[in-house]
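Here's the structure we're looking at; comments come further down.
The values are calculated or read from the model by the stated rules, or taken from the named source; none is laboratory data. All figures in this text were calculated on a predicted structure; none of them were measured in a lab. Neighbour counts run over all protein chains shown; Cβ positions are idealised from the backbone, glycine included.
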Amino acid sequence: MDYIKKLSRFIIPYKRYGILNIIANVFYALFSTLAMISLMPMINVLFGEGERITHKPIYSGISSIKDFSEDYINYIITTTSELHGPQRSLLYMIILIVILFLLKNFFNYLGLYFITFLRNGVLKDLRNEIYNKVTRLPISYYSEKKKGDIIARISGDVNEVKNSLLAILELIVKEPLTILFAIIAMFATSVKLTIFVFLFIPISGFIISRIGKSLKKKSSRVQAEQGVFLSTLEETLSGLKVIKGFNAEKQFNDTFQKSTNRFYNFSNVLMNRQNLASPMSEVLGIITIAVLLWYGGSMVLIDKTLSGGAFIVYIGLAWQILTPAKAISKASYKVKAGNAAADRVLEILNTKSPLDDKPDAIEKTDFNEAIILNNVSFKYDDDYVLKDFTIKVPKGKSIALVGQSGSGKSTIANLVTRFYDVTHGTITIDGQDIRELTKHSLRSLLGLVTQDSILFNETIANNLRIGKEDASDAEIIEALKIANAWEFVKDLSKGIETNIGDSGNKLSGGQKQRLSIARAVLKNPPIMILDEATSALDTESERLVQIALENMMKNRTSIVIAHRLSTIQNADEIIVMQKGQIVEQGTHNELLSKAGVYSKLVGMQSFD
């Protein structure tokens, strides 16, 4: 029940299918028992043990329904045998048995039919919510988590939850009802024999529960290790060039194989524990049946207190209890595995993002005055990477941030885009703290071009439409022209409908970067953030990209983070950073004339 409570909000939208499954399972359990009981009159006809009743019995209330049912069946058999012979009675009994078994299996199918919608619906909603959560959690969350582990949770763990949902309904409805109806029929057949048999059931239950006690822990270990080797696989695919270039295939193979070996060992322990459930249940069942044969056989052969037909049906009912009991033991293991998987899935879903919008967050739709970073300090872990940092970026102006690696330049971009929140101080747009704005409206005002050209395995058009979903082909082509990208796109086999491969790997670095710029151009935001947009390019590509950047930045507010100083000579103001603090600021010529830090940085680089 604790497991169902955890998943209740995902189950509730599909509760009608759960209710229909329960109804179908009630009829399945009922007809399972009736089908077995119906064998008794047929056996009695075959062996001539049935009581001959020539007068139609009268129903006298629910308390005598058992005697009435037996007498009525015996009355039909007696009258049919007298009129048409015993063979006709046997035929009727066979038809009745076939109908009951058909009904049993029909309702079994109905139960599985309805539960399919519930299981797959929960699977769909869980995956959708996890994916939505993955995109909403802050970037800092993924610096602490392995990507493969996230993938394992959204695929394997969610699938484990889906499989366990059928097991839950079997555990609490289908199999218990089948057992309950069978027990009622067994008591109706022989109270004495039933009490004797049930002395053995607590012993069986205790043994089975001991087998499954540690299953959740073992299942968690298997699922966690799956996340580890998926992470290794993801890192391998991402860094294949480096792995091959450094002949590091063996190192990564060893890491992957160590993980799969651990997965192998953990899975063996888990599966062997699960596999023990079925044979153990069957052995205990056979022992129970053996005791039943000995004691019940005495009642038939010696005491004469039970008919042969009733005893055979009783054996069938006892076996009918053992089969669902075995299914319950299997289902309980599935539920424990599903419970462990649910914990891993819900860990992500229940993670609170420190960057969630405030309830009264403001939707800002325009930019009119300035971006101001006021006494901003920030640390990722223990050490501050920005200390009391203050700048003002007026509308329409271009501000460049320069400095050595680790000086805090890219951190500014992360804070303005609110990938992280400041530790101290404020960042305001038109006087409004960006923490008071919705993240969606804030980022709608911003365009971002990063050092790494992040493209997707899609067409050029669809990659650009990330910036503007409803953009026409003409708008896309115009953006490509501004970004100096149309010159190579027009020569591609399918133009803007050309698929550029995984991460855009069918294109060169310069081409990918120009597409990233075109995407930002198409979005047409009032504020542009360029995070070392040319640092990974060769001289020719840099020249083309620089022209594209200048085209894009015309009459636009820009924060430019630059490693190559040749790209920011025309900035309205250059901020020189060192260890998270401003050491110089001014125009290119002003800073050169100071012969300070900036001048030294320029001296280390050659200008065209």
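The set of residues in region 433-477 being in a helix (DSSP H, G or I) and small (G, A, S) consists of S441, S444, A461, A474. Regarding region 419-429, can at least one residue be identified that is surrounded by 14 or more Cβ atoms within 10 Å (Cβ to Cβ), over 40 Å from the mean Cα position of the chain (by Cα) and outside any strand (DSSP E or B)? The answer is no; no qualifying residue exists.
For region 343-372, filtered to residues that are more than 13 Å from H440 (Cβ to Cβ) and among the polar types (S, T, N, Q), the residue that is modelled with the highest pLDDT is N368.
Scanning region 573-608 for residues that are over 19 Å from G408 (Cα atoms), modelled with pLDDT of 85 or more and in contact with a helix residue (DSSP H, G or I) (Cβ under 7 Å, 6 or more places away or on another chain) yields L591, L592, S599. Does region 285-307 hold any residues that are out of contact with any helix residue (DSSP H, G or I) (no Cβ under 8 Å at 6 or more places or on another chain) and part of a helix (DSSP H, G or I), and which are they? Correct list: I286, I287, A290, W294, S298, L301.
Within region 560-583, residues that are under 19 Å from G425 (Cα atoms) sit with their Cβ atoms under 8 Å from residues that are among the basic types (K, R), at 6+ positions apart or across chains, in these pairs: M577/K409; K579/K387; G580/K387; Q581/K387. Scanning region 449-473 for residues that are small (G, A, S) and either within 29 Å of the chain's Cα centre (by Cα) or over 22 Å from K554 (Cα atoms) (or both) turns up S453, A461, G467, S472.
Within region 462-476, residues that are in contact (Cβ under 8 Å) with a residue 40 or more places away in the chain and crowded, with 16+ Cβ neighbours inside 10 Å sit with their Cβ atoms under 7 Å from residues that are β-branched (V, I, T) and part of a helix (DSSP H, G or I), at 6+ positions apart or across chains, in these pairs: L464/I476; I476/I496.
Conditions (1) within 23 Å of L193 (Cβ to Cβ); (2) modelled with pLDDT under 75, marked per residue:
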{"residue": "I286", "(1), (2)": "yes, yes"}
{"residue": "A290", "(1), (2)": "yes, no"}
{"residue": "M299", "(1), (2)": "yes, no"}
{"residue": "A318", "(1), (2)": "yes, no"}
{"residue": "A327", "(1), (2)": "no, yes"}
{"residue": "A331", "(1), (2)": "no, yes"}
{"residue": "A337", "(1), (2)": "no, yes"}
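Out of curiosity, is T428 within 22 Å of R556 (Cα to Cα) and modelled with pLDDT under 90? No: the conditions fail for T428. Checked against the criterion of being at pLDDT below 70 and either more than 30 Å from F114 (Cα to Cα) or surrounded by 15 or more Cβ atoms within 10 Å (Cβ to Cβ) (or both), the candidates F47, F27 yield just one match: F47. The set of residues in region 478-532 that are surrounded by fewer than 22 Cβ atoms within 10 Å (Cβ to Cβ), at positive phi and part of a helix (DSSP H, G or I) comprises G495, S503. Tell me, please, whether a residue that is touching a residue at least 40 places away in the same chain (Cβ under 8 Å), assigned to a helix (DSSP H, G or I) and within 25 Å of P13 (Cα to Cα) can be found in region 136-151. Yes, there is a match, as at least one residue in region 136-151 is touching a residue at least 40 places away in the same chain (Cβ under 8 Å), assigned to a helix (DSSP H, G or I) and within 25 Å of P13 (Cα to Cα). Can you find a residue that is within 31 Å of the chain's Cα centre (by Cα) and modelled with pLDDT under 85 anywhere in region 474-484? No: zero hits. Can you name the residue in region 140-155 that is of a type in the set (G, A, S) and buried (at least 17 other Cβ atoms within 10 Å of the Cβ) and is also farthest from L30 (Cα to Cα) among such residues? Among those that are of a type in the set (G, A, S) and buried (at least 17 other Cβ atoms within 10 Å of the Cβ), it is G148. Looking across L177, L165, L137, one residue alone is on the phi < 0 side of the Ramachandran plot and surrounded by fewer than 20 Cβ atoms within 10 Å (Cβ to Cβ). It is L137. Looking at V393, V376, V385, just one residue is more than 14 Å from V422 (Cα to Cα) and either modelled with pLDDT of 90 or more or among the β-branched types (V, I, T) (or both), and that residue is V393. Would you confirm whether or not region 317-332 contains a residue that is under 30 Å from E129 (Cβ atoms), in contact with a helix residue (DSSP H, G or I) (Cβ under 7 Å, 6 or more places away or on another chain) and outside the structural domain of F187 (by TED's automatic domain parsing)? No, region 317-332 has no match at all.
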